[in-house]
């Protein structure tokens, strides 16, 4: 117990005050740095969609952005909870599902209202195969930033935390991807953007399982 | 804890001391005794490094418990190899019993040393060796009544001494 006393003495000497926003700030820093890198990746490896001027006048452009950004923002606060021992992230997690519910509902209604012949095109678009992979690719730097941030925090459920960071990275990446992608059907977005976000979540889980232990 | 997060070193020192006591109790009932103090130190260090993850709107106990539990599970994961060898496990069990018996015996001897030699022998015979008061009297040349009186007085003395020490 003498060793413990000595440890306690040493820990309480030169005690630095800590900010209450420490967790959020650290997380935001990692995610922002990753998002900046993802934007550059999108501009260099893909390209800004040439019809952007036209696109911002369409509803679907804003629907895509709203779906992905809302998931990213709610996802950020879920991860902020997951970084704190003893804090419950359930309510925040359920909030995070709401944009998906809204998107799927909209997609279902759109399909229902469309003529039968148009439905297949609305679902598959022209980039179905590539889209999820490109979203995962863009999510990589954001995932790296988020994992870096989490490694300085205290997630007591490493796999859940990994999923959280993965979904956050995937949805942020999907938001950025929307500035390149010219798909304009709600069903396509509901399926393939979501697949990309989910795949990022799985990748985050795999990384979290080994990389978020402390 | 609020004061500690703001940088109050004295409050923090007191908090860590209290945490150490509670952690020792928590781990003491669940992991091998030799590992307890090390894990206490490791947990205190983790709590220090990650003190910014405590949310002032939640109860401190929830935060402390979550970290203690996480560290304990991690400890089991790391020491799993040691626990799967059955022989070692049995040895540890026997060693624990041996220690307890030895401690108990030492305590009894300490208690008895408060009494004069003759009474000590009587108490040992009647209480520890299972002799009846008649048999004890026969070995010491005392009547059964005398033995009873002396044992009764000795017990009163011990109880008075024991409670005195206890307070």
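The values are calculated or read from the model by the stated rules, or taken from the named source; none is laboratory data. Keep in mind that this is a model prediction, so the values were computed, not measured. Note that we place each Cβ from the backbone using ideal geometry, even for glycine, and neighbour counts take in every protein chain shown.
For the reader, a short list of remarks on this structure follows.
- Test: residue in region A:175-182 that is part of a helix (DSSP H, G or I), under 14 Å from the mean Cα position of the chain (by Cα) and more than 28 Å from residue A:22 (Cβ to Cβ): yes
- Count - residues of region A:84-104 that are outside any helix (DSSP H, G or I) and under 11 Å from the mean Cα position of the chain (by Cα): 0
- Against the conditions (1) more than 10 Å from chain A (Cβ to nearest Cβ); (2) surrounded by 16 or more Cβ atoms within 10 Å (Cβ to Cβ); (3) under 30 Å from residue A:27 (Cβ atoms), residue B:67 satisfies every one except (1).
- Residue tally, condition facing chain A (nearest Cβ under 7 Å) and in a helix (DSSP H, G or I), over region B:5-44: 12
- Residue list for region A:141-162, filter: away from chain B (no Cβ under 14 Å) and crowded, with 24+ Cβ neighbours inside 10 Å: A:142, A:143, A:145, A:146, A:162
- Test: residue A:23 is farther than 30 Å from residue B:13 by Cα and either in contact (Cβ under 8 Å) with a residue 12 or more places away in the chain or within 17 Å of the chain's Cα centre (by Cα) (or both): no
- Among the residues of region B:70-83, just one is buried (at least 19 other Cβ atoms within 10 Å of the Cβ) and facing chain A (nearest Cβ under 9 Å), namely B:70.
- Of B:106, B:82, B:120, B:124, all but one fail to be touching a helix residue (DSSP H, G or I) at 6+ places or on another chain (Cβ under 8 Å) and at pLDDT below 75; the exception is B:82.
- Helices (runs of 4 or more DSSP H) completely within region A:1-83 that count 3 or more residues being within 14 Å of another protein chain (Cβ to nearest Cβ): A:2-12, A:22-45, A:59-82
- Residues of region A:90-123 classified as touching a helix residue (DSSP H, G or I) at 6+ places or on another chain (Cβ under 7 Å) and under 16 Å from residue A:184 (Cα atoms), total: 10
- Selected residue [assigned to a loop (DSSP other than H, G, I, E, B) and either in contact with a strand residue (DSSP E or B) (Cβ under 6 Å, 6 or more places away or on another chain) or under 27 Å from residue A:89 (Cβ atoms) (or both)] from A:153, A:168: A:153
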